[in-house]
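Visitor: Take this structure first; my questions come after.
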Amino acid sequence: MERHERQQLRNITDEVTGWVDQAHFALAHRDEVTRGADEAVESLRRAVVALRRDGTVDWGAMPLSPGDGRLLGQVARHAHLPSLAPAEDHTLRHLTTQVARSLHDARSAIGARRFLAGRAKRDAGQAAAQFVADFREWGVSSGLPQLLHRLTSHDDRMFEVGVADVLSDWVGFGARVADLGRAAEVIPSAVVADLPASIRKIEKALQEEVRYRAAALSAGQAVRNCEVRRMLVEMPVERLKEATRDRLRIGPLTDSGITTVQAVL
């Protein structure tokens, strides 16, 4: 390989090395932002309160306070990451793996190490250098430098998100919790401030209903018992004979002065 060819390859490998560094940065940054957003959503999900009826969730609430704006900001930060198509993601990961390895191998063909390397290693280095050169040509024609610039130069500020904006599209939180319900809305805490007291009143009313029902049943039973006793007091003992189809002899009872069914009992 001539000197000018080696210099040309050095320029190419330097350029592609810069691409690899940018790709590493972009992927690491996206992973960090994604992880932060996922953890924020999971933290807020743990506070959800679900009301069930007959085993089915009828209504759910996610309490939010001003302090949760930091977590919502993490979600909004992720929502504003530059878009990355699957093919573009594949290219970045190709850069940080195979291309990065080829850059390492190519140095044995263009660097000072070529004087110490054996023929097989030099040949492998030249093949790797050619691979890097071909990739660089493809990358330029495919707009790879522009993609890397877009991913590494966007506005990465932390967003300040108020609780009232939690369902705004620009925050991106609503889409992440869509499984919790289709009719989500933001309700001021003042609207439900009296809810605990109301629940206690309802529970007390239900308990009193049970007590009053039991008292009514007991009173009804007492009236029934009293009425039965009155009827037995007035019922002549001869009715026992009718009830037993003349199998009961009541003569001994009447001879003993027992004249009513109540007296028998």
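The values are calculated or read from the model by the stated rules, or taken from the named source; none is laboratory data. Worth saying up front: this structure is predicted, and the values here are computed from it rather than measured. Using ideal geometry, Cβ is built from the backbone for each residue, glycine included, and neighbour counts are taken over all protein chains shown.
Visitor: Out of curiosity, is A76 touching a residue at least 60 places away in the same chain (Cβ under 8 Å), within 18 Å of W170 (Cα to Cα), assigned to a helix (DSSP H, G or I) and aliphatic (A, V, I, L, M)?
Guide: Values: touching a residue at least 60 places away in the same chain (Cβ under 8 Å): yes; within 18 Å of W170 (Cα to Cα): yes; assigned to a helix (DSSP H, G or I): yes; aliphatic (A, V, I, L, M): yes.
Answer is yes for this residue.
Visitor: Condition (residue is at negative phi and at pLDDT 85 or above) applied to segment 183-203: is it met by at least one residue?
Guide: Taking segment 183-203 as the starting set, the residues that turn out to be at negative phi are 183-203.
Now restrict to residues that are at pLDDT 85 or above: none.
For segment 183-203, residues at negative phi and at pLDDT 85 or above: absent.
Visitor: Go over the candidates A164, A215 one by one and state the one that is in a helix (DSSP H, G or I), of a type in the set (A, V, I, L, M) and more than 26 Å from the chain's Cα centre (by Cα).
Guide: On the way: A164 fails: more than 26 Å from the chain's Cα centre (by Cα).
A215 is the lone residue from the list that is in a helix (DSSP H, G or I), of a type in the set (A, V, I, L, M) and more than 26 Å from the chain's Cα centre (by Cα).
Visitor: Here is a further query. Kindly list, by first and then second residue, each pair from a residue in segment 142-165 that is free of Cβ contacts under 8 Å to residues at least 60 places away in the same chain to a residue that is assigned to a helix (DSSP H, G or I) and not polar (S, T, N, Q), limited to pairs with Cβ atoms under 7 Å and residues at least 6 apart or on different chains.
Guide: L147/E88
Visitor: Something else: Tally up the residues in segment 166-179 that are over 22 Å from D58 (Cβ atoms) and free of Cβ contacts under 8 Å to residues at least 40 places away in the same chain, please. Talk me through it step by step, then tell me what you get.
Guide: Start the filter on segment 166-179 by keeping residues that are over 22 Å from D58 (Cβ atoms), which leaves 168-173, 175-176.
Applying the additional criterion that residues be free of Cβ contacts under 8 Å to residues at least 40 places away in the same chain yields 168-169, 175.
Residues in segment 166-179 being over 22 Å from D58 (Cβ atoms) and free of Cβ contacts under 8 Å to residues at least 40 places away in the same chain: 3 in total.
Visitor: Is it the case that S43 is under 24 Å from D169 (Cβ atoms), exposed (fewer than 12 other Cβ atoms within 10 Å of the Cβ) and hydroxyl-bearing (S, T, Y)? Reasoning before the result, please.
Guide: Working: under 24 Å from D169 (Cβ atoms): yes; exposed (fewer than 12 other Cβ atoms within 10 Å of the Cβ): no; hydroxyl-bearing (S, T, Y): yes.
Answer is no for this residue.
Visitor: V33: in the same structural domain as T97 (by TED's automatic domain parsing) and closer than 17 Å to L151 by Cβ, yes or no?
Guide: Numbers: in the same structural domain as T97 (by TED's automatic domain parsing): yes; closer than 17 Å to L151 by Cβ: yes.
The answer is yes for V33.
Visitor: Now for a separate question. It is to be established whether one or more residues within segment 94-112 are in the same structural domain as A40 (by TED's automatic domain parsing), closer than 16 Å to F173 by Cα, in contact with a Phe, Trp or Tyr (Cβ under 8 Å, 6 or more places away or on another chain) and modelled with pLDDT under 95. It would help to see each step written out before you state the result.
Guide: Step one: of segment 94-112, the residues in the same structural domain as A40 (by TED's automatic domain parsing) are 94-112.
Adding the requirement that they be closer than 16 Å to F173 by Cα leaves none.
There is no residue in segment 94-112 that is in the same structural domain as A40 (by TED's automatic domain parsing), closer than 16 Å to F173 by Cα, in contact with a Phe, Trp or Tyr (Cβ under 8 Å, 6 or more places away or on another chain) and modelled with pLDDT under 95.
Visitor: Another question, if that's okay. Given the criteria without any contact (Cβ under 8 Å) to a residue 60 or more places away in the chain, under 20 Å from G174 (Cβ atoms) and in a helix (DSSP H, G or I), does D68 qualify?
Guide: no
Visitor: Tell me yes or no: at least one residue of segment 222-232 is outside the structural domain of A40 (by TED's automatic domain parsing), modelled with pLDDT under 75 and outside any helix (DSSP H, G or I).
Guide: No, segment 222-232 has no match at all.
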